[in-house]
Amino acid sequence: MRKLLTALSVSTLALGLSFAPAWAADVNDIVAKANNAAYYKGEDGRARVKMEITDAQGRKRTRDFVILRKDIGSGDKEQKFYVYFNRPADVNKTAFMVWKHVGADDDRWLYLPALDLVKRIAASDERTSFVGSHFFYEDVSGRNPDEDKHELVETTDNYYVVKSVPKKPNLVEFSSYKSYIHKQSFIPVKIEFYDKNGTKYREATAEKVETIQGYPTVTMGKMKDLRSGGETVLTYSDVKYDVGLPEDIFTERYLRQPPNQYIKR
């Protein structure tokens, strides 16, 4: 975390960026700004992603995909995500789509080309493995902050430390999670998940943060499974915001017929 903090601070000073002030009115304000920093940069966005999955024995698998995102409306915006897999061959043409709602369960679909099947992902499956990785479906598009109660448990020189407890604990496998939110950028640089016994069992970290089009952006993220010893690393490249993505590509039709003009740029 010290290396990441140094990188964030140097980037801020060198580029003269104007971030939100280091104070926040209350914990819900902090959480809202962190959610905005993590998932709401620009009106839309596009990135190439390399996923490297390492199991407990050190064996590695990789997946390459493109992710598209568009914000819908103003204020508390809804969002739509589209993920298209290029490599390896066993996941080629697989597509994943999310309609992220405010105040309601998200809609998620997965297209499996080998079966020519569009599968609806139930809300109860949101916290299961995303295409065999250590990230969950919910990790990809983000968890709605309103699903949890938040408490500011510590403030350091550089971080807000927030503990979040689910309002409906029967719907999730964790009892709480703790977020370390960088004061200047509001990027959550580490998130620790605790089980029903209070034992930490998952840990997400922002391994690299860069400023792209004026937005602090996580360009390398890691999820560790502390029980199995495995981990997954996501590396982002060719990141662009305000691309001008049309909303109609985020529909079931494009799960089978990908919008090549946007995923092959």
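The table below gives the values:
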quantity: MRE, 222 nm, helices only [DSSP H, n ≥ 4, -39500 (n - 2.57), over the chain, to nearest 500]; calculated: -4000 deg cm²/dmol
quantity: Label-point separation, residue 157 to residue 257 (7 Å along Cα→Cβ), nm; calculated: 5.9 nm
quantity: Shape call, the chain: gyration tensor on alpha carbons, a/c limit 1.5; calculated: rounded
quantity: Gain in span if fully extended, residue 208 to residue 87, counting 0.36 nm per residue against the direct Cα distance; calculated: 41.2 nm
quantity: Simple label model, 7 Å out from Cα along Cβ direction - residue 197 to residue 264, nm; calculated: 5.2 nm
quantity: Neighbour net charge for residue 171 - beta-carbon separation under 12 angstrom, K R +1, D E -1; calculated: -3
quantity: Between 0 and 90°, nearest 10: helix 2-15 axis offset from the chain longest Cα axis; calculated: 90 degrees
quantity: Shape call, segment 102-218: gyration tensor on alpha carbons, a/c limit 1.5; calculated: oblate
quantity: Relative contact order (percent, whole number), the chain, Cα cutoff 8 Å, 6+ residue spacing; calculated: 21 percent
quantity: Lysine pairs with alpha-carbon atoms under 13 Å apart, segment 105-186, spacing 8 or more or separate chains; calculated: 5
quantity: Separation of alpha-carbon centers, segment 108-149 and segment 209-242, rounded to whole Å; calculated: 18 Å
quantity: The chain - charge dipole about Cα centre, Lys and Arg +1 at Cβ, Asp and Glu -1, debye rounded to 20; calculated: 820 debye
quantity: Backbone HN-Hα couplings from phi across segment 93-110 [Karplus 6.51/-1.76/1.60, Hz, Gly and Pro as x]; calculated: 6, 5, 9, 10, 9, 10, 10, 8, 9, 9, x, 7, 5, 6, 9, 9, 10, 10
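Every number in this text was worked out from the coordinates using simple rules, so none of it is lab data. Here the structure is a predicted model, which means the values were calculated and not measured. Glycine gets a Cβ as well: all are built from the backbone with ideal geometry, and neighbour counts include every protein chain shown.
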